[in-house]
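The values are calculated or read from the model by the stated rules, or taken from the named source; none is laboratory data. Since the structure is predicted, the reported quantities are computational estimates derived from the model, not experimental observations. Positions of Cβ are generated from backbone atoms using ideal geometry, with glycine treated the same way; all protein chains shown enter the neighbour counts. Keep in mind that these areas ignore ligands, DNA and RNA; they rest on the heavy atoms of the full protein, side chains included. Shrake-Rupley method; radii C 1.70, N 1.55, O 1.52, S 1.80 Å.
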Amino acid sequence: MELMEHDGPVALVRGVTFRVVNKCPFPVWPAAAPNAGHPVLAGGGFLLPPGQSRRVSAPPTWNGRFWGRTGCNFTSTATNHHGNAAAACLTGDCGGRLACNGTAGAPPATLVEVDLHEDQSKGSSYDVSLVDGYNLPVAVWTKPPTPGAAAADRKCVIPGCAKNVNAVCPPELQVTAAAAVVACKSACVAFGTDAFCCRGAHGTAETCRGSAYSRVFRDACPAYVSYPYDTAAAAARCYAEVYVLTFCPSRWGAGADRVAQA
């Protein structure tokens, strides 16, 4: 798929650039929410048609998360039973708004968690988390830092999934629309128990060791964090001026080499 750069307003700050790419065969509405004390990027959300990309600028010490929304329709004026705007997106909705303006998305949604550091010796860290569930595959890597570099450093690449999680999602975790599975809840989101959410008596790495449900995520997406104390998927720690976030990075099972070359 040929990618087209989409020009549009971005946060007017210097530091790091996130290149957000949509290789899905359908529109994605990327969104970003900062942690406390950090600015909202690109209004917090925007439309990204298939085959297009957009550059979003961030301060060199920004902390927060990115996710993709699917099946959105922002033309409706419907409200829910609380009188608030009804969900505009099938997955990842943020109060029915196109620009989330810092509001976190509704789970389940695949999250890219980012912790930037200005000090190159410390490196910035990032991971892809399914702790709140899954809706889209996403890959993250650093843009090659020097001209002529063939690809991102392998340790800086978080590849996409080996399987379509929605296709293997247990029925009790499925989110459906028009008879199709559009997202897969985590066990914590679905059942809310301390054991699945790793809290209370289960709030340590020793007492929270995952479940059959988190292993479904682990099998499909080995590089993603599948539950809160998942140590098998370590966060990448790489300093760069450009980070690439790609939704639907490749066909299921394609390796990190192909992803990093994209």
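The label-point distance for Thr176 and Thr193, in a model that sets each label 7 Å from Cα toward Cβ, rounds to 2.4 nm.
In the range 16-247, one over the average inverse separation of all distinct C-alpha pairs is 18.2 Å, which is the Kirkwood hydrodynamic radius. Rolled with a 1.4 Å probe across the full set of protein chains, the surface gives Asp194 an accessible area near 70 Å². Listed by chain and number, the lysines placed with their C-alpha closer than 19 angstrom to that of Lys185 are Lys163; residues fewer than eight positions away on the same chain are left out.
With a cut-off of 12 Å between beta carbons, the residues surrounding Cys100 carry a summed charge of +2, where Lys and Arg count +1 and Asp and Glu -1. The stretch between Thr61 and Ala232, if pulled fully straight at 0.36 nm per residue, gains 58.9 nm over its current Cα-Cα span.
For Val182, nonlocal amide neighbours, meaning residues 5 or more places apart or on other chains whose placed amide H falls under 5 Å from its own, are Val175, Thr176, Ala177.
Applying 0.36 nm per residue to the separation of Thr103 and Ala167 and subtracting their alpha-carbon distance, the gain on full extension is 20.1 nm.
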